[in-house]
Amino acid sequence: GCDFTLMQTVRLHFKVLTSPSVSLDTMLDSMRQVYEPSGFRVLRASDEALNLPDLDVVDVGTCTRGNVTAEQTTLFGNRNNVGANDVVVYFVQATNPPFNGCAAHPNGRPGAVVASGATRWTLGHEVGHVLGLNHVDNNDRLMTGNGTANITNPPPDLIATEITTMGNSPLTIDA
């Protein structure tokens, strides 16, 4: 059904170098299970297959906000037909070093990388970082820093302060 209480929208564009082991539909449905009860509609705005074999294992360095590698800069340059306040998610074979995902992105190119072995919750987790959320030490929450494979109460929680942070992001637009 449709929930008309949703107040803000996150627009996602999927750019696929390697399809993940968990389907894009499952990841998106899982993200919606967490975001929509908190008032955020998740819109899948576009899909595009990218043929960039040199970036299918992308160097993400320390994967910290504000620090990106040359490979991330190149990958995130592929924002074909994407609005300035839209989020691009690049699905790759793997990251180096190995993470399920990484939300460090170049300024003005909001997005994240999700590796092929990611869990059903990784997409929502990484987009949470793009919207300004940090890791927490609580496996009941989406933003657990212990890995989304360790989430103990699916669907995981967002708390009020996280919802406020997300709502204040320029990447969540009024519906």
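The values are calculated or read from the model by the stated rules, or taken from the named source; none is laboratory data. Because the structure is predicted, anything quoted here is derived from the model rather than measured. Every residue, glycine among them, receives a Cβ derived from its backbone with ideal geometry; neighbour counts consider all protein chains shown. Each accessible area value is taken on the protein alone, full model and side chains, heavy atoms only, with ligands, DNA and RNA left out. Shrake-Rupley method; radii C 1.70, N 1.55, O 1.52, S 1.80 Å.
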query: Which whole-angstrom value gives the distance between the alpha carbon centres of the range 105-148 and the range 1-70?
result: 10 Å
- prompt: Which net charge results when you count Lys and Arg as +1 and Asp and Glu as -1 among the other residues whose beta-carbon is under 10 Å from that of Leu50?
  reply: -1
query: Using the Karplus equation 6.51 cos²θ - 1.76 cosθ + 1.60 (θ = phi - 60°), what ³J(HN,Hα) coupling, rounded to whole Hz, does each residue of the range 65-75 give in order, writing x for Gly and Pro?
result: 3, x, 10, 10, 8, 4, 5, 5, 4, 5, 4
field: 3J(HN,Hα) from dihedral phi, the range 7-20, Karplus parametrisation 6.51/-1.76/1.60, rounded to Hz, x for glycine, proline
entry: 9, 9, 10, 10, 9, 10, 10, 9, 10, 10, 8, 9, 5, x
statement: Yeah, the range 45-175 with a ≥ b ≥ c from its alpha-carbon gyration tensor (a/c under 1.5 is rounded, else prolate when a/b outruns b/c, oblate otherwise) is oblate
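Quick one: net charge of Leu123's neighbours, Cβ under 12 Å, K/R +1, D/E -1? Show your work: numbers first, answer last.
Numbers: positive: Arg32, Arg44, Arg120; negative: Asp25, Asp29, Glu126.
Residues near Leu123 contribute 0 overall.
What value, in deg cm²/dmol to 500, does the helix sum -39500 (n - 2.57) over DSSP H runs of n ≥ 4 give at 222 nm once divided by the residues of the chain? Each step should come with its number before you reach the end.
Details: 4 runs with 36 residues, N = 175.
Value at 222 nm, helices only: -6000 deg cm²/dmol.
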query: Can you give the accessible area per residue of the chain, in Å², using a 1.4 Å probe?
result: 46 Å²
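Ignoring ligands, DNA and RNA, please state the percent of accessible area on the chain from carbon and sulfur, probe 1.4 Å. Before the final figure, lay out the partial values.
Values: 3880 of 7980 Å².
That share works out to 49 percent.
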